[in-house]
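Data block below; observations after.
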Amino acid sequence: MIKRTSEKIMTWIGIGFQFFVVLGITLILVLMNMESVQESMIKDGTMTASEAASSAQVTNIFLIIGLVLNIILLVLAILSVMWIYKKTKVAGIILIIIGVISLFGNWIGAILWTISGIILLVKKPKVPQTNLYNEKEVQDDNPFSDNSNSMDKQNAADISDNKNSNHISKEEDPYKY
């Protein structure tokens, strides 16, 4: 299994920023619905009562749409963190999509989600190299190194045990030089 720690950390940081965006939109929505905000727009003299009410209503509609969209993105980000080890490609695609969508509201989270989504799609697990002759794992790429695998040591021990158990002398073994 491949380690996906960096992807999970970047995704969780993006989720933290997205949570603060949702809290901020909720706070603005609550503040916009206070009557004092509409009264202050009317007192400034730039708007009439009907214009202030319609302006507050349009603002509320946009804030509610933004809040719902950001909550959906937050839930998708949490689901993709849970799927990082199980469904890596699906999690990567979802992270890229929500990264692009949230680019206008939560650009830090969008960048982190996009990067972690790309890493999830690109990073492949290392496949152990095998030797064609004895199907054992090759740990070192340097053919001139003296490092040997534990399988080599095990095979050498098995061979020495077989030689000791047969007790064939050098004279009796015609294949020995």
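The values are calculated or read from the model by the stated rules, or taken from the named source; none is laboratory data. The structure presented is a predicted model; accordingly, all values stated were derived computationally and were not measured. Note: ideal-geometry Cβ built from the backbone for every residue, glycine included; neighbour counts use all protein chains shown.
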Of all residues in region 13-47 being among the aromatic types (Phe, Trp, Tyr) and surrounded by 15 or more Cβ atoms within 10 Å (Cβ to Cβ), the one that is farthest from the chain's Cα centre (by Cα): Phe19
Residue check, Met47 touching a residue at least 12 places away in the same chain (Cβ under 8 Å), more than 15 Å from Ile71 (Cα to Cα) and among the hydrophobic types (A, V, I, L, M, F, W, C): no
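The rows are residues; the columns are (1) more than 20 Å from Thr5 (Cα to Cα); (2) without any contact (Cβ under 8 Å) to a residue 24 or more places away in the chain.
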| residue | (1), (2) |
| --- | --- |
| Gly66 | yes, no |
| Trp83 | no, yes |
| Thr88 | no, no |
| Ala91 | no, no |
| Ile94 | no, yes |
| Gly105 | yes, no |
| Ile115 | no, no |
Of all residues in region 79-107 being part of a helix (DSSP H, G or I) and exposed (fewer than 15 other Cβ atoms within 10 Å of the Cβ), the one that is modelled with the lowest pLDDT: Trp107
Residue satisfying condition, being part of a helix (DSSP H, G or I) and either within 22 Å of Ile98 (Cβ to Cβ) or out of contact with any Gly (no Cβ under 6 Å at 6 or more places or on another chain) (or both), within set Ile2, Ile25: Ile25
